[in-house]
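So the structure is just underneath, and the comments pick up after that.
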Amino acid sequence: MSDGFGKRRTMSSVNKVLNQLVSSLNLDRRLKEHTLLGLWPTIVGEPFATKSRPLFIDHEGNIVISVSEAAVGQELSLMRSQLVKKMRIAGNGLGVEIRGIRFDMKHFYKKEEIVENRKAVEATNQQRLANTPGPEELASIILTPEEEEDIKALKIRLTAADGDHEKVHDRIVALYEKELRARKWMEANVSTQCQTCKQPTPMLYGSQGLCSMCFFESQVRPAQSEKGA
């Protein structure tokens, strides 16, 4: 007959496994979201690529895009349906559901506003560069057979979802592989970890110590309050 201590030890082991599984799933979700957001400049094109920046994907499936000024947001709003369609197709291949796009006009320069003087900005940039892998570091990362299969499966899913845009598919797959290699490199070389998503990150923002996606998600108003504004 087992005692209470044995049951507690078993439950502790189960909880540990569940926590590891949740953490792994969360990282995988972030990896796919990073890949999708990295596609934004390709989808929107110039001159909007340099005047807008994707921040995060909210809980309703909307991509939140920061814009440099109101006029840019207005022009992009006219293209909203086309942009949503393109991002949704890419998202389907990655397993990320996209329902819409929201534009934010307050946080385009937020990263620069976090630090107030030139020396601090330079130190911040140096830290970010030190914790970000370059081409040689990325190339040195060895992917597991399972990860290689995931990359191949992604290309197959993208082609099945939309067979008319192979160049875009190749771009998505390349971004996904780059994000995967970068994550593996940071897991081995970077000690800073986001306190919300637990993902290794080159920089921590705010007093809570968040990655850029989680930081902006905490700063931008939820969709419900924006609709009521």
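All of the numbers you see were taken from the coordinates with simple rules; none came from a lab. Keep in mind the model is a prediction, meaning the values are calculated, not measured. When we count neighbours, we look across all protein chains shown, and the Cβ atoms used for this are built from the backbone with ideal geometry, even at glycine.
Descriptive notes on the structure:
- Against the compact-protein benchmark of 2.2 N^0.38 Å, the Cα-based radius of gyration of the range 30-220 scales to 1.05.
- Linear extension gain, residue 156 paired with residue 99, 0.36 nm per residue minus alpha-carbon span: 18.3 nm
- In plain terms, the residue of 104, 58 with the fewest other Cβ atoms within 10 Å comes first and the most crowded comes last, giving 58, 104.
- Projected label distance in nm at residue 137 and residue 218, using a 7 Å step from Cα toward the beta-carbon: 2.4 nm
- Relative contact order computed over the range 30-220 (Cα-Cα under 8 Å; 6+ residues apart), in percent: 23 percent
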